[in-house]
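Below is one structure, written out as structure tokens; the observations come after it.
The values are calculated or read from the model by the stated rules, or taken from the named source; none is laboratory data. Remember, predicted model here, so these are calculated numbers, not experimental data. Reconstructed Cβ throughout: ideal geometry from the backbone, glycine too, with neighbour counts over all protein chains shown. The protein model used for the area step is the full one, side chains on, heavy atoms only, and it has no ligands, DNA or RNA in it. Shrake-Rupley method; radii C 1.70, N 1.55, O 1.52, S 1.80 Å.
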Amino acid sequence: MKILIINCGSSSIKYKLFEMPGEKLVSKGLIEHIGEKGSAVGDHYAGLKVILGKIKGVSAVGHRVVHGAEKFKKPVIIDDPVIRKIRQCVTIAPLHNPANLAGILACKKLLPGVTQVAVFDTAFHQTIPPYAYTYGLPFELYKRFGIRKYGFHGTSHEFVAHEAAKILRKPLAKLKIITCHLGNGCSITAVDGGRSVDTSMGFTPLEGLVMGTRSGDIDPALVTYIMRKKKLDIHAVENLLNKASGLKGVSGVSNDMRLLERSAAKGNKRAKLAIEIFVYRIRKYIGAYMAVMKGCDAVIFTAGIGENQGSIRRKACEGLFFCLGSKPKVLVIPTNEELMIARSAYGLVKY
Ligand code: ADP
């Protein structure tokens with residue numbers, strides 16, 4: 001059975017076609033610059049038409065959907081009520097869910113009768129307990145606006161946790177695992193017995209670790225202070241925190257960790273500082289999650305930095321476990337979010 005995995009961004013569509021259950025990757029590709037000036041591809045519908053012109057025999061489609069709020073705790077087969085609920089999540093994920101929805105609606109038209117499945121980045125974290133997901137804010141904000149920690153990269157954290165259990169030859173239900181997804185966006189999750197019990201990203205993907213261009217945790221009072229000092233409006237301060245902060249903002253060099261390491265090696269002090277704060281924050285979260293789970297059997301590193309930059313992994317773990325009296329295994333496991341989506345979709349459509 002061929003399952004097509006679609007990941008729609010605001011101006012791009014990534015796809016992979018898997019033969020299931022063998023998990024063989026049959027083809028993959030990327031369409032960029034959708035809707036941009038001078039682009040031949042005007043919208044997601046046109047982009048998917050191009051993709052579907054290249055592949056044949058699709059039995060089901062799996063869509064990555066960023067935000068499922070509290071409405072979706074696991075992957076679901078898409079029908080009209082599901083589409084309505086994904087649309088309702090747009091208010092809290094205005095940057096991502098509209099593109100995901102555009103992909104779903106286009107596939108519905110282009111592949112009538114083919115089952116579509118939605119897999120949510122937030123779903124894996126729906127097992128986080130209320131004391132970990134509730135912010136110290138007026139409770140009314142949670143009730144009225146759904147303001148709470150949701151967490152992201154769930155598909156990646158879930159995938160590498162499952163792979164870790166295979167490598168360790170132990171049931172996932174018996175393992176305490178800390179998964180570190182370190183790419184441009186970065187997040188760490190505490191996975192206790194296969195369930196996410198805490199994660200570093202929050203209501204949005206801005207909270208937690210220092211990332212390529214995102215600040216991660218800061219004093220919340222800084223937002224209004226910066227607005228006053230620099231005379232910024234809401235849009236400008238959101239831009240500063242999401243696009244001009246993190247590794248790029250501190251170093252003034254780049255958001256790319258490879259360039260930062262080269263720059264630091266040549267003596268650039270701010271590049272060195274950016275790497276130090278990046279690593280320091282990872283250590284704090286690993287330590288905190290070992291405390292949360294009362295132990296840890298394995299720490300997993302994944303995504304661009306986690307998979308490729310041993311120096312960062314080493315600095316993040318050096319001396320850490322000795323002082324905590326526990327010696328987890330440290331594993332590097334390449335993430336494969338698309339394969340995880342294919343597995344979930346196959347699980348729902350195989351009968
Ligand atoms: P995204 O979150 O955009 O998917 P990636 O997982 O590709 O990001 O990670 C990008 C980060 O990984 C960058 O900081 C980059 O410097 C770093 N990196 C290190 N080695 C590699 C590599 N071989 N390929 C891609 N990214 C790498």
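This table checks each residue for (1) within 19 Å of the chain's Cα centre (by Cα); (2) among the hydrophobic types (A, V, I, L, M, F, W, C); (3) farther than 18 Å from GLU338 by Cβ.
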residue: ALA40; (1), (2), (3): no, yes, yes
residue: ILE55; (1), (2), (3): no, yes, no
residue: GLY62; (1), (2), (3): yes, no, no
residue: ALA69; (1), (2), (3): yes, yes, yes
residue: ASP79; (1), (2), (3): no, no, yes
residue: ARG84; (1), (2), (3): no, no, yes
residue: VAL90; (1), (2), (3): yes, yes, yes
*Restricting attention to region 114-153, and to residues there that are of a type in the set (D, E, K, R) and not in a loop (DSSP other than H, G, I, E, B), which single residue is least open to solvent (accessible area, probe 1.4 Å)?*
GLU140
*Give VAL61, VAL41, VAL50 a once-over and let me know the one that is among the aliphatic types (A, V, I, L, M), without any contact (Cβ under 8 Å) to a residue 12 or more places away in the chain, over 30 Å from VAL197 (Cβ atoms) and out of contact with any Lys or Arg (no Cβ under 8 Å at 6 or more places or on another chain).*
VAL41
*Within region 2-22, how many residues are open to solvent by 70 Å² or more (accessible area, probe 1.4 Å) and part of a loop (DSSP other than H, G, I, E, B)?*
2
*Taking region 252-298, which residues are without any contact (Cβ under 8 Å) to a residue 24 or more places away in the chain, open to solvent by less than 20 Å² (accessible area, probe 1.4 Å) and either in a helix (DSSP H, G or I) or more than 16 Å from the ligand (Cβ to nearest atom) (or both)?*
LEU260, ALA271
*Can you tell me which residues in region 322-338 are crowded, with 19+ Cβ neighbours inside 10 Å and either within 16 Å of the ligand (Cβ to nearest atom) or at positive phi (or both)?*
ILE333, THR335, ASN336, GLU337, GLU338
*What about THR213, is it open to solvent by 10 Å² or more (accessible area, probe 1.4 Å) and within 11 Å of the chain's Cα centre (by Cα)?*
no
*Extreme residue, nearest to the ligand (Cβ to nearest atom), among residues of region 159-192 that are surrounded by fewer than 18 Cβ atoms within 10 Å (Cβ to Cβ), in contact (Cβ under 8 Å) with a residue 24 or more places away in the chain and over 19 Å from the mean Cα position of the chain (by Cα)*: ILE167
*Please find, within region 92-109, the residue that is farthest from the chain's Cα centre (by Cα) out of those that are of a type in the set (A, V, I, L, M, F, W, C) and either more than 21 Å from SER12 (Cα to Cα) or open to solvent by 30 Å² or more (accessible area, probe 1.4 Å) (or both).*
LEU105
_Residue among LYS108, LYS149, LYS143, LYS71 that is under 17 Å from ASN7 (Cα atoms), of a type in the set (Lys, Arg) and without any contact (Cβ under 8 Å) to a residue 60 or more places away in the chain_ = LYS108
*Quickly run through region 222-239 and pick out the residues that are part of a helix (DSSP H, G or I), more than 24 Å from THR199 (Cβ to Cβ) and open to solvent by less than 90 Å² (accessible area, probe 1.4 Å).*
THR224, ILE226, MET227, ALA236, VAL237, ASN239
*Residues (in contact with a strand residue (DSSP E or B) (Cβ under 6 Å, 6 or more places away or on another chain) and either more than 18 Å from LEU95 (Cα to Cα) or open to solvent by 30 Å² or more (accessible area, probe 1.4 Å) (or both)) located in region 193-207*: SER196, VAL197, ASP198, THR199, SER200
*May I ask you to list the residues in region 193-205 that are at pLDDT 95 or above and within 14 Å of the ligand (Cβ to nearest atom)?*
MET201
*Of everything in region 303-321 that's more than 10 Å from the ligand (Cβ to nearest atom) and not in a helix (DSSP H, G or I), which residue is least open to solvent (accessible area, probe 1.4 Å)?*
GLY319
